[in-house]
Amino acid sequence: MTAFSPKITAVAIGLIGGFWLAGVALASDTAATKLAHDVCAGCHGVDGNSVVPNFPKLAGQQKVYLLRELKDYRSGKRVSDIMAPFVAGLGDDDLEQLAAYYAKQTPAPGVVNNPGLLAVGKSLYLNGNSANDVPSCESCHETDGSGSGKFPRVAGQHSEYALDQFRLYATGKRTNGARVMKAVAERMTEAETRAVAEYMASMP
Amino acid sequence: MKLSPRFTTLAALLIASFGASAAPADSQQQPRAAGIETYGYTWNSPDQDMNRALAHRADPGKGEAAYKVCKGCHKADGAGLADAEYPQLAGQHANVIIKQMMDIRAGRRDNPRMYPFAGEWIVSAEEIADIAVYLQKLPIPAGNGKGNGYHLSRGKALYDKDCASCHGNAGEGDAANFYPMVAGQHFSYLKRETRESRDHGRRNASPEMVKVLKGYSDADVDAVSDYMSRLKAGR
């Protein structure tokens with residue numbers, strides 16, 4: 001039997017889910033929970049603690065941020081072939097309840113792949129690098145990485161996902177939420193993004 | 001073949017999302033506006049963005065929230081960073097911060113390093129006013145960067161002769177006239193900005209000040225910058 005990559009599986013789930021959702025309206029909190037458990041869990045884990053490094057962890061994420069991302073996926077402002085069909089049929093209330101569901105889940109600790117990068121990552125996270133005018137991360141994402149409002153939680157996030165986002169911002173492919181992050185990601189070296197991603201993953 | 005409406009909708013959505021991916025990213029290149037190099041330049045001439053900020057009833061609480069993005073470089077206490085020539089902002093006159101921000105936004109003051117964090121996609125004119133009043137109220141941190149201290153008497157003589165009439169005897173500046181407080185500013189920043197003003201690189205500089213600086217050697221600029229960095233106004 002052919003083994004499918006997580007990405008292909010996710011796209012398949014996405015397409016099926018998209019068809020299914022197009023005719024479903026979620027009316028209540030329970031329905032949002034059911035959706036999270038039955039559909040989103042496939043990639044993001046039942047409680048939002050995804051175990052696949054390319055899919056973001058959502059547990060404990062800022063509600064304001066989650067809601068903005070969900071709406072941007074729906075409008076196409078944040079481009080994802082995987083996410084677009086899932087959110088296409090959902091209304092504002094549904095998205096709001098999904099965001100609330102994930103925001104109240106307890107985040108699980110992240111995975112550190114390369115402990116040797118943590119010291120450099122921590123210094124960048126807390127102080128930035130004035131040599132290439134990279135601001136500190138903590139000013140917006142908070143010292144403990146918990147984020148605030150539209151600034152997402154980064155603590156415990158998969159480093160692979162974080163690295164993908166740095167690259168998407170730097171190359172102009174992620175245009176939502178890019179107001180600050182585009183300039184930051186453009187200035188960071190590849191080594192710096194790796195170090196910061198490791199440090200963020202290490203934060204409890 | 002006949003496609004179901006549902007399939008057509010999904011296909012349209014997929015096409016739409018591919019289309020969106022081809023859209024160019026917002027440009028964060030700083031524009032260039034006429035400055036001191038231009039005939040007929042008037043220093044501090046009214047600007048719509050600036051008037052909006054000045055007319056706004058500023059709220060320091062909102063300013064603290066909006067300052068989040070700024071503090072990645074200028075630090076939570078507004079101290080900036082001497083080595084990086086990031087200016088100290090705590091205690092600076094709100095009017096001065098508003099004017100300089102608007103000059104950077106409009107492209108009268110060249111600052112490509114800061115511009116991506118100063119555009120209207122980051123802060124509105126009203127938020128700039130909020131931030132400015134928040135910073136104005138912050139206590140001035142001790143321990144700003146200073147020069148080598150070798151030529152302070154020369155620095156004082158130059159300052160008293162040429163600078164004090166606008167920037168004040170103790171470096172307090174003049175809020176009503178948009179003259180910055182220079183006391184307690186980092187030596188590295190004062191030196192850079194003074195040299196750039198002299199050499200027409202700071203294009204939003206006051207022509208009066210440029211005229212004063214015309215005869216200054218680099219050593220003169222260093223001496224007066226060192227002296228200003230040690231002034232105590234506001235403390």
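Read-outs: derived from the displayed coordinates by stated rules, not from any lab. Since we're looking at a predicted model, the values are computed, not measured. Counting neighbours? That spans all protein chains shown, and the Cβs are built from the backbone with ideal geometry, glycine included.
Assorted remarks:
- B:Asp174 long-range amide H proximity, modeled H, under 5 Å: B:Tyr179, B:Met181
- Relative exposure of A:Lys77, B:Lys232, judged by other C-beta atoms within 10 Å (fewest first): B:Lys232, A:Lys77
- Computed from Cα atoms, the angle from the helix B:187-198 axis to the main principal axis of chain B rounds to 90 degrees.
- Cα long-axis angle, helix A:190-202 against chain A (0 to 90 degrees, to the nearest 10): 60 degrees
- Here, the range B:152-229 has an Rg and a Dmax of 11.2, 31 Å when only alpha carbons are counted.
- Rough spin-label spacing in nm, given labels placed 7 Å along Cα→Cβ, for A:Asn127 and B:Lys137: 3.1 nm
- Shown in residue order for the range A:40-56 are the 3J(HN,Hα) couplings computed by the Karplus curve 6.51 cos²θ - 1.76 cosθ + 1.60 at θ = phi - 60°: 4, 4, x, 10, 9, x, 4, 9, x, 9, 4, 9, 8, x, 8, 9, x Hz (x for Gly and Pro).
- Full-stretch length increase - B:Ser165, B:Trp43 - with 0.36 nm per residue and alpha-carbon distance subtracted: 42.2 nm
- For the Cα trace of the range B:77-173, dividing Rg by the Kirkwood Rh returns an Rg/Rh value of 1.01.
- Amide H contacts of A:Asn129: A:Val134, each under 5 Å away and 5 or more positions distant or on a separate chain (H built 1.01 Å from N in the peptide plane; Pro and chain starts excluded).
- Rounded to the nearest whole Hz, the Karplus-based 3J(HN,Hα) values (6.51 cos²θ - 1.76 cosθ + 1.60, θ = phi - 60°) of the range A:78-90 follow the sequence 9, 8, 8, 5, 6, 6, 3, x, 5, 9, 4, x, 9, with x at glycine and proline.
- Histogram of C-alpha separations across the range A:115-202, 10 Å bin width, %: 19, 58, 22, 0
- Length-normalised contact order of chain A in % [C-alpha pairs under 8 Å, at least 6 apart]: 24 percent
- Each eigenvalue of the Cα gyration tensor of chain B, multiplied by 5 and square-rooted, gives one semi-axis; in descending order these are 42, 20, 17 Å.
- With a threshold of 27 Å on the Cα-Cα distance, the over-threshold entries among B:Lys68/B:Lys156; B:Lys75/B:Lys232; B:Lys71/B:Lys191 are B:Lys68/B:Lys156.
- Rounded to 10°, Cα long-axis angle of helix B:125-137 versus longest principal axis of chain B: 40 degrees
- Each of A:Phe55, A:Phe86 was scored by other Cβ atoms within 10 Å of its Cβ. Listed from fewest to most, they are A:Phe55, A:Phe86.
- When the pairs A:Lys122/A:Lys182; B:Lys99/B:Lys211; A:Lys77/B:Lys62 are compared against a 26 Å limit on Cα-Cα distance, A:Lys77/B:Lys62 fall above it.
- Taking amide H positions as modeled 1.01 Å from N, with prolines and chain starts lacking one, no residue 5 or more places away or on another chain lies under 5 Å from A:Phe151.
- According to the calculation over all Cα-Cα pairs in the protein assembly as shown, the P(r) per 20 Å bin from zero is 23, 47, 24, 7, 0 %.
- Here's the picture: a label point sits 7 Å out from the Cα of B:Tyr150 along the beta-carbon direction, and within the range B:212-235 the residues with their amide nitrogen under 14 Å of it are B:218-224, B:226.
- FRET efficiency, 1/(1 + (r/R0)^6) with R0 25 Å, evaluated for B:Asn177 and B:Arg32 via beta carbons: 0.45
- Qualifying chymotrypsin sites (Phe, Trp or Tyr not before Pro) in the range A:146-204, where qualification requires a DSSP coil assignment and no more than 15 other C-beta atoms within 10 Å, are lacking entirely.
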